[in-house]
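Contents: one structure, followed by commentary.
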Amino acid sequence: MSLWEYANPKKFTETVTPLIPWVLGLAAICLVASLIWGVFFTPEDYRQGATVKIIYLHVPSALMAINAWFMMLVASLIWLVRRHHVSALAAKAAAPVGMVMVLIAIATGAIWGKPMWGTYWAWDPRLTSFLILFLFYLGYMALWAAVDDADTAADLTSVLCIVGSVFAVLSRYAVLFWNQGLHQGASLSLDAEEHVADVFYYPLLVSIAGFVLLFLGLVLLRTRSEIALRRAAALDRRAEARAAATTGEPA
Amino acid sequence: MRALLLRDLRLAVRAGGGFGLGLAFFLIVVVLVPFGLGPDRALLSSIAPGMLWVAALLAALLTLDRLFALDHEDGALPLLATAPLPLEGLVAAKAAAHWLTTGLPLTLAAPLLGPLLALPPGAWPWLLASLAIGTPALSLIGTFGAALTIGIRRGGLLLSLIVLPLYVPTLIFGAEMARRGAAGLPIGAALPMLAALTLGCLALLPFAAAAALRVNLR
Amino acid sequence: MTGPVLRVAGLCVARGGRRLVEGVSFDLAPGHALILRGPNGIGKTTLLRTLAGLQPPEAGEITGAEEAAYASHADGVKAALTVTENLAFWAELYGRELDSAVLTTFDLAGLAERPAGTLSSGQRRRLGLARMAAIGRRLLLLDEPTVSLDAASVARFGHWLAEAHLGGGGMAVIATHIDLGLEAPALDLSAFRASAEAAPAGGDEAFL
Amino acid sequence: MTGLLGDYAGEVISAYIVSLALIGGLVWLSALQARRARKQLKRAESRHG
C-alpha cells in the first residue's frame with residue numbers, strides 16, 4: 001500500500017490514534033532521561049561552566065524549529081500538487097509546534113548567552129535568525145486563522161510558506177552579513193561551538209530524539225484534531241444541504 | 001498592462017487617490033525621530049540612513065492594503081481577471097503603480113529630509129541609490145502580501161504581519177548600503193546583494209502573487 | 001465576431017463546500033442568448049463565474065468559452081475618473097479602441113466628461129453596462145445586469161444586446177428576473193438543483 | 001542541587017523551567033484542542049450520522 005494511502009483522512013486517523021500515546025510517551029522518557037543524564041552526570045565545560053548543559057535544550061529545539069518549517073514546506077507542496085487534505089492540515093498543525101520550538105531556541109539561547117555577553121540579547125546572528133523565523137510562524141498562523149474557507153486557507157498559506165521559505169534563507173544570509181557589518185561578529189557566537197565533546201554528545205542525541213518524538217507526537221495529535229473538526233463542519237454542511245433540499249428553498 | 005498602470009496612476013493622483021499619503025507619513029515619521037531621540041546631531045547623523053530606510057519601508061507598507069481592495073470592493077476584479085492580460089501582468093502593473101506612486105517619491109524625498117536627521121551631505125547619493133534599488137522589492141513583496149489578504153476583512157493588519165518579516169533582507173542590505181555610503185566606507189557586498197534581491201523579487205513574486213490572486217478570485 | 005459554439009455538458013458547480021447545481025448541459029450558438037432563472041442562491045452567480053473560468057467546475061465540460069467576460073451587478077466604476085476615462089480604460093485593457101457609438105448607445109454622451117462619482121445610480125449602472133459594450137468580448141456573462149435601472153434604460157440595453165452584440169455574432173448568458181425584450185430560451189436552474197445526497201464539494205467529500 | 005551545577009546554576013535551571021513551561025503549555029493546548037475536536041465530532045455524528 002503506497003504512502004498516499006494515508007492521504008485519506010479516515011485511514012490516517014485510524015492508523016495514527018493508537019500511535020500517539022506511544023510516541024508522546026517515548027518522547028517524555030527521552031526528554032527526562034536526557035535531562036537527568038545531561039544535567040547530573042556530565043562534567044561542566046571548562047570554559048562555560050554549567051551553562052553548557054543548556055545545550056540539551058537549545059540545540060534540539062533549534063533543530064526542530066527549522067525542520068518544522070521545512071516539514072510545513074513539503075506538506076504545502078504536497079497539498080498544492082496532489083490536493084491531499086491531510087498534508088494541508090498537517091502543515092497547519094505543525095505551525096504552533098514549530099513556533100514553540102523556535103521560542104524555546106530563542107529563550108535558551110538568550111539565557112545561555114547571558115554570561116558570555118553580559119546581556120540576554122546581543123543580536124547574535126543565530127538568535128536573530130530564529131527571531132525572524134518566529135515572525136514567519138506568526139504570519140503563517142495568522143493567515144490560517146483569518147481565512148474562513150478551509151481550502152482557500154490551505155492554498156494561500158501554502159503559497160505563503162513557499163515564499164516565506166525563500167525569504168527565511170535570504171534573511172539568514174542577510175543577518176550574517178548585517179552582523180559582520182555592525183561589530184566584528186559576536187565574540188562567542190552560538191554558531192561557533194557546534195563541535196561538541198563526546199561526553200556531551202550522547203545525552204544530546206537522546207534529547208534530540210526526545211524533541212523529534214515530541215514534535216511528531218504533537219503534530220499527529222493536532223492533525224487528528226484538525227481532521228475531526230473539519231469532518232464535523234462537513235457533516236453540518238451536509239445536514240444543512242439536506243434541510244434545504246427538503247424544505248425546497250436553498251439555505 | 002499599460003492601460004492598468006496608467007489608470008492606477010491617474011487614480012492615485014486624482015483627489016483622494018492617496019498619492020501624497022505615503023510621502024506625508026514618511027515626513028511625519030522622520031520628524032518624530034528627533035523628538036524621540038533628542039536633537040543631538042552626532043547621535044542623529046549616526047542613525048540617519050537606517051532611520052530613513054525604516055521610515056520609507058513603513059510608508060511603503062501603509063498604502064498596500066488599498067492596492068487590490070478598491071477593485072475588489074467595486075466589483076471590477078472579476079472583469080480585470082477575464083481580460084486578455086495574464087494575472088502575472090496584472091500584478092506586475094499593480095506593483096509598478098505602487099512603486100511609482102509611493103516608492104519613487106520616497107526615494108526622491110529621503111535626501112531632502114536628510115538634514116532633519118543631520119545626514120552628512122556626502123551620503124545623499126548613496127541613500128538615493130539604495131532606496132532606488134530597494135523600493136521596487138518593497139512594492140513587489142507588498143503586492144504579494146496584498147494579493148494574499150484580498151478577501152480578508154481588516155486585512156491591513158494581517159498584511160503588515162506577513163509583509164514586514166519579508167522586508168528584513170531588503171532593509172538590511174539597503175540600510176547597510178546607505179550607512180556605508182554615509183560613513184565613506186567601501187560599499188562592498190551591500191549593493192550587489194540588494195540589486196540581486198530586487199531582481200529576484202521581480203522574477204519570482206509576480207507568479208506567487210498571481211497564484212494567490214487566482215485563489216482569492218474563486 | 002463569429003466563433004465556436006459554447007458547449008456545456010454535465011456541469012456541476014459548488015460554493016462553500018456544497019454542490020449547488022449539477023448535470024447542467026446546454027449549447028449556445030453565436031448570435032444567441034440564454035436567460036438563467038431560478039431562486040436566489042440556487043447558483044446562478046457561481047455558474048456564471050465558472051463559465052468565465054474564474055473558478056474550476058466540480059464536474060462537467062465547458063468548451064468554446066475562451067473569449068468570456070463576467071460582470072456582476074456591481075458596476076466596477078471608478079468615481080475619480082470621468083465617464084470617458086472609465087470606458088477608455090476598459091476598452092484599452094481588452095485591446096480595443098473606444099468608439100463613441102458606445103456612449104450614444106447608452107445615452108451617456110452628455111455625461112462624457114463628468115466624473116463618475118457625480119452620476120446617479122441609474123447613470124452609473126448604464127456606465128457599468130456600457131463597459132460590456134466597450135470591451136467587445138464575444139461571450140458576455142451578466143449577473144443581474146439591469147438592477148436599479150429604469151424601464152427605458154432596460155429597453156435600451158436589451159436593444160443593444162439583441163442588435164449590436166448578438167447581431168454581431170456575440171453570445172450572452174444572463175441571470176436576470178427582468179424581461180429584457182429578448183426572444184431567448186430560458187434555463188431554470190431549479191431543475192438542476194443538486195440532490196441532498198449528491199457528493200459534497202470543496203474537499204468535504206474527503207472527510208465524510 | 002545548585003551546588004552540583006556550580007556558579008551558573010541559575011541559568012541552567014531557568015532555561016529548563018522556561019522550556020518545560022513552553023512545552024507543557026503546548027501539550028496542554030493541544031490536549032484541549034483534541035478534546036474540543038472529539039466533542040464537536042461526537043455532536044455532529046450523533047445528529048447527522
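Here are the numbers for this structure:
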{"quantity": "Amide H partners (placed H, <5 Å) of C:Leu36, local residues excluded", "calculated": "C:Ile174, C:Ala175, C:Thr176, C:Leu187"}
{"quantity": "Karplus-derived 3J(HN,Hα), 6.51/-1.76/1.60, for each residue of the range A:19-28, Hz, glycine and proline x", "calculated": "6, 3, x, 5, 4, 5, x, 4, 4, 4"}
{"quantity": "Relative contact order [Cα under 8 Å, 6+ residues apart], chain B, whole percent", "calculated": "27 percent"}
{"quantity": "Charge dipole of chain A about the Cα centre (unit charges at C-beta), most positive-ward option of A:Val166, A:Thr223, A:Tyr201", "calculated": "A:Thr223"}
{"quantity": "Chain C: relative contact order as a whole-number percent, Cα under 8 Å and 6+ apart", "calculated": "32 percent"}
{"quantity": "Accessible area buried at the A-D interface, both sides summed, 1.4 Å probe (Å², nearest 100)", "calculated": "3100 Å²"}
{"quantity": "Separation in nanometres of the label points that stand 7 Å from Cα toward Cβ, at C:His159 and B:Ala195", "calculated": "6.3 nm"}
{"quantity": "Model label zone, C:Thr63; criterion: amide N under 16 Å from point 7 Å along Cα-to-beta-carbon; scope the range C:1-44", "calculated": "C:3-11, C:25-30"}
{"quantity": "With Cα atoms, 0 to 90° folded angle of helix A:55-82 axis to chain A main axis", "calculated": "30 degrees"}
{"quantity": "Shielding by other protein chains, B:87-99, mean Cβ within 10 Å", "calculated": "0"}
{"quantity": "Residues B:Ala24 and A:Tyr202, FRET efficiency given R0 of 51 Å [Cβ-Cβ distance, rounded to 0.05]", "calculated": "0.25"}
{"quantity": "Cβ crowding within 10 Å averaged over residues, with C:84-92, B:172-180, A:94-102, C:185-193 ranked highest first", "calculated": "B:172-180, A:94-102, C:84-92, C:185-193"}
{"quantity": "Highest-first arrangement of B:2-10, A:21-29, A:58-66, where packing means the average Cβ count within 10 Å", "calculated": "A:58-66, B:2-10, A:21-29"}
{"quantity": "Where Cα atoms sit under 29 Å apart: lysine pairs in the protein assembly as shown separated by 8 or more or lying on different chains", "calculated": "11"}
{"quantity": "Net charge, A:Cys161 excluded, C-beta distance under 13 Å - Lys, Arg +1, Asp, Glu -1", "calculated": "0"}
{"quantity": "Three-way shape call for the protein assembly as shown based on the alpha-carbon gyration tensor, with the a/c threshold at 1.5", "calculated": "oblate"}
{"quantity": "Environment charge at C:Leu139 (Cβ cut-off 11 Å; Lys +1, Arg +1, Asp -1, Glu -1)", "calculated": "0"}
{"quantity": "Shielded by partner chains, the range C:67-104 residues - at least 40 Å² of accessible area, 1.4 Å probe, vs chain alone", "calculated": "C:Tyr70, C:Lys78, C:Ala80, C:Leu81, C:Glu85, C:Phe89, C:Trp90, C:Glu92, C:Leu93, C:Tyr94"}
{"quantity": "Theoretical ellipticity at 222 nm over the protein assembly as shown - DSSP helices of four or more residues, -39500 (n - 2.57) apiece, nearest 500", "calculated": "-22000 deg cm²/dmol"}
{"quantity": "Heavy-atom accessible surface of chain B: percent carbon and sulfur, 1.4 Å", "calculated": "75 percent"}
{"quantity": "Mean separation of Cα contacts under 8 Å, 6 or more apart, over the residue count of chain A: relative contact order %", "calculated": "33 percent"}
{"quantity": "Length added when fully stretched, B:Leu185-B:Met1, from 0.36 nm per residue minus Cα-Cα", "calculated": "62.1 nm"}
{"quantity": "Amide H within-cut-off set for C:Arg19, under 5 Å, with H built and near neighbours excluded", "calculated": "C:Ala201"}
{"quantity": "Accessible area in square angstrom per residue, the range B:86-218, 1.4 angstrom probe", "calculated": "33 Å²"}
{"quantity": "Under the Karplus curve 6.51 cos²θ - 1.76 cosθ + 1.60, θ = phi - 60°, whole-Hz ³J(HN,Hα) for the range C:48-64, x wherever Gly or Pro sits", "calculated": "4, 5, 5, 4, 6, x, 6, 9, x, x, 6, 7, x, 10, 10, 10, x"}
{"quantity": "10 Å Cβ neighbours from other chains, averaged over peptide C:126-138", "calculated": "1"}
{"quantity": "Per-residue mean of C-beta atoms belonging to partner chains within 10 Å, peptide A:162-171", "calculated": "6"}
{"quantity": "Global form of the range C:78-146, assessed from the alpha-carbon gyration tensor, a/c cut-off 1.5", "calculated": "oblate"}
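The values are calculated or read from the model by the stated rules, or taken from the named source; none is laboratory data. Computed from a predicted structure; not experimentally measured. Don't worry about glycine lacking a Cβ; one is built from the backbone with ideal geometry, like all the others, and counts go over all protein chains shown. These area figures cover heavy atoms from the full protein model, side chains too; ligands, DNA and RNA do not enter into them. Shrake-Rupley method; radii C 1.70, N 1.55, O 1.52, S 1.80 Å.
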